[in-house]
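The values are calculated or read from the model by the stated rules, or taken from the named source; none is laboratory data. Note that the coordinates shown come from a computational prediction; the quantities given were computed from them, not determined experimentally. Because the Cβ atoms are built from the backbone with ideal geometry, glycine has one as well, and the counts that use them run over all protein chains shown.
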Amino acid sequence: MEKLKDALDFRDFSRAEQVGFTIFSIFLLLFPWLGAGSFVKAVMIQFLLFSLFGMGWNTVGGYGGQVELGKAQYVGIGAYTVALTMVWWKIPFWVSMPMGILLAVGYSFMIGYPLFRLKGHYFAIATIATSLVLQDIFANWKLVGAAKGIELPIHDHPDFLYMQFKSDTYYYYFIMVLFYVAIFYMNWFRRSKLGYQLRMIKDDEDAAESLGIDTRWCKIKAYSIASAFVAVGGGFMAVYNLYIDPVSVMDLDLSIKIALMAMLGGAGSLWGPTIGAAFLVPLDRFLGSWLGGHGGLIGLDFMIYAMLIMVVSAYQPRGIWGIIEQFRRKGS
Amino acid sequence: MALIDALLQGILMGLLFALVALGLNIIFGVMNIVNFAHGEFLMIGMYTTYWTSLLLDIDPLLTLPVAALVGVLLGIASYYSLIRYLLRGPAIAQLFGTFGLMLFLRYLAQFLFGIDYRIIQKGLLIGKSLSIGPFIFDWTKLAAGILSLFAFAFVYYFLNKTKTGKALQATSINKEAASYMGIKTDKMNAIAWAIGGGTVGIAGGLLANFYYIYPTIGILFVMIAFACVALGGFGSIKGVFFAGLLVGILEMVFPVFGSLVNSDFLGPHFKFTIVYLAYFIIVVFRPQGLFGWKN
């Protein structure tokens, strides 16, 4: 109960942030009634999904300062659990998604234990390596569809148990609910004991160690929380897209996007991942569709993307939120 | 017999891997930055060889100096336009910065050359093979292995025998102490990037003789290079040489074992999975690598 109260408590934010968040929430609630087309709706769903991913990454990557570039493997675990159990045993989404979370968390402990012996570059590359290994396994494992992937059975009638709807609006509201669960959780998390411990580790790991913080265990915990978040998003991707393959849910590009959105928005702040996703997802989708209409310009969207990454890394590593805070400090 | 054949082929590939990883390791040693774009440098070296040999109608082997030059220029340009600015930021920004460079170069290549897989068809060595007893070697691979060895030896000589090379090593051991001795860190960094780009450009030119050329090839080779660097020890030149050989052998010998057992998991598809796995196991259990001194 106490925790719930903490999660809903936004009082320590500035008035501007509170007002902004309220307006944003009203917009999200009313969005499906604003008469947007199906493409814009799909972009919004994508935006909320990536905010969710980004918030997950933010626990270990933002607050903990660990450069984690292998989140796609947990998207894959979540998505494959939902898809496979549905195809094999007709297990409803509401059972298989928690199963996916459990699997992802279990796997994250297994892999996190050796992984967090490493620091810095070694750690970052190792997360990529583990993700690539899992992707290779899934791309060659015939039982799980190998490189062809899996198609989910399509029901004739909308079915809440299997999360099959005719209209995107239902998916939109579902991912919106997940998004708010994530926001509230993160709002609690940033003031939890683990949250403070992680920030300490980020600032000075040796000092944290000398204060008796078990740094490795803290990082593993944060890593598994991040994995749970991401697995939920993966499960959603499976029922929303009705088709998954190792490239769509486990590719390195996905890991990069997740980390990038959080970093571009501002790693280690509550709003950062959402701001990053609000910026990059529409850019990605609109640019992609616009360039798709102008054949021969393949790759230009990613080039713009890459330039953004380079400029942000070189000039403002704290992301958009860092720029906003800079201005605010100058103003006051 | 198949095993010995795989071993020999593995050594040839390994020499090339060592050359690819060499540049990565020098850059890491000198400035403690992991260059994710290294594989993309290789890819650009491959395209350079492809286009110069095609457009000028010369043998691909003669284009190696061009590939090296392009690599050197690319390295220097990257350093002065991006890396220098990244150095001021935190480690995470450095990682993302070179990652951005990697994506940029990859999609620039895709934009310019399309996503087609290309292969060099005309050349002195292409399609010819040398048979020694029961073993058959492609001349292209043989040349790649031997020339890689020469390039590696040259860089090794440069690092150990010339003044600039020694200054580079001094910077990699202790940047501050070296700068007190009058060694300009900024210049050393630029030289490290030039050597890194040049060696990997040559490696790309050699690889282009017998490997498919496509825009996304970089990630595969950068992961191999990471594995070599981790195995040999971050910052160790000798280490990276033996690690390259080891990875080359591993990657060739593994499928031979795999073909004995009929399983989803031991096929040749997994030859690089084994390399990634090796990386993971090595850094976890012996972070300093086999010959490394930096941790």
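At-a-glance table
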item	result
Tally of residues being at the interface with chain A (Cβ under 7 Å from one of its Cβ atoms) and touching a residue at least 60 places away in the same chain (Cβ under 8 Å) across the range B:105-114	2
Residue within the range A:142-149 that is more than 14 Å from every other protein chain (Cβ to nearest Cβ) and either closer than 22 Å to A:Met86 by Cβ or of a type in the set (Gly, Ala, Ser) (or both) present	yes
Whichever residue in the range A:39-89 is polar (S, T, N, Q) and within 14 Å of chain B (Cβ to nearest Cβ) and, among such residues, is nearest to A:Ala129 (Cα to Cα)	A:Gln73
Meets criteria (in contact with a Leu (Cβ under 9 Å, 6 or more places away or on another chain), under 27 Å from A:Met250 (Cα atoms), touching a residue at least 60 places away in the same chain (Cβ under 8 Å) and not in a helix (DSSP H, G or I)) for A:Tyr162	yes
Criterion violated by A:Phe302 - all others in (1) farther than 25 Å from B:Leu112 by Cβ; (2) facing chain B (nearest Cβ under 8 Å); (3) not charged (D, E, K, R) satisfied	(1)
Filter result for B:Leu101 (in a helix (DSSP H, G or I), under 23 Å from the mean Cα position of the chain (by Cα) and facing another protein chain (nearest Cβ under 9 Å))	yes
B:Ala93 being over 15 Å from A:Val312 (Cβ atoms), within 14 Å of chain A (Cβ to nearest Cβ), of a type in the set (A, V, I, L, M, F, W, C) and in a helix (DSSP H, G or I)	no
Lone qualifier among A:Ser96, A:Ser131, A:Ser167, A:Ser108 - being surrounded by fewer than 18 Cβ atoms within 10 Å (Cβ to Cβ) and either more than 14 Å from every other protein chain (Cβ to nearest Cβ) or at pLDDT 85 or above (or both)	A:Ser167
Residue list for the range A:5-41, restricted to those being assigned to a loop (DSSP other than H, G, I, E, B) and either of a type in the set (Phe, Trp, Tyr) or touching a Leu at 6+ places or on another chain (Cβ under 6 Å) (or both)	A:Phe10, A:Phe13
Scope the range A:42-88; condition in a helix (DSSP H, G or I) and polar (S, T, N, Q); matching residues	A:Gln46, A:Ser51, A:Asn58, A:Thr59, A:Gln73, A:Thr81, A:Thr85
Selected residue (criterion: surrounded by the fewest Cβ atoms within 10 Å (Cβ to Cβ)) from residues of the range A:117-128 that are more than 8 Å from A:Gly70 (Cα to Cα) and more than 7 Å from every other protein chain (Cβ to nearest Cβ)	A:Lys119
Failed condition for B:Ala67, given (1) free of Cβ contacts under 8 Å to residues at least 60 places away in the same chain; (2) crowded, with 23+ Cβ neighbours inside 10 Å; (3) among the aliphatic types (A, V, I, L, M); (4) away from chain A (no Cβ under 14 Å)	(1)
Extreme residue, farthest from A:Thr274 (Cα to Cα), among residues of the range A:312-323 that are without any contact (Cβ under 8 Å) to a residue 40 or more places away in the chain and more than 8 Å from chain B (Cβ to nearest Cβ)	A:Gln316
Qualifying residues in the range A:310-332 (those that are among the polar types (S, T, N, Q) and under 11 Å from B:Tyr85 (Cα atoms)) - the one surrounded by the most Cβ atoms within 10 Å (Cβ to Cβ)	A:Ser313
Where A:Gly276 falls short, out of the listed (1) in contact with a Phe, Trp or Tyr (Cβ under 7 Å, 6 or more places away or on another chain); (2) closer than 30 Å to A:Ser14 by Cα; (3) away from chain B (no Cβ under 11 Å)	(1)
Residue in the range A:247-264 that is closer than 30 Å to B:Arg88 by Cα and among the basic types (Lys, Arg) present	yes
Close pairs (6 angstrom Cβ cut-off, 6 or more residues apart or separate chains): in contact (Cβ under 8 Å) with a residue 24 or more places away in the chain in the range A:35-56, among the charged types (D, E, K, R) anywhere	A:Lys41/A:Asp168; A:Val43/A:Arg285
Failed item, numbered, when B:Ile183 is tested on (1) more than 23 Å from B:Gly71 (Cβ to Cβ); (2) in contact with a helix residue (DSSP H, G or I) (Cβ under 8 Å, 6 or more places away or on another chain); (3) β-branched (Val, Ile, Thr); (4) exposed (fewer than 14 other Cβ atoms within 10 Å of the Cβ)	(4)
For A:Met97: the one exception among (1) in a helix (DSSP H, G or I); (2) under 23 Å from the mean Cα position of the chain (by Cα); (3) under 30 Å from B:Val275 (Cα atoms)	(3)
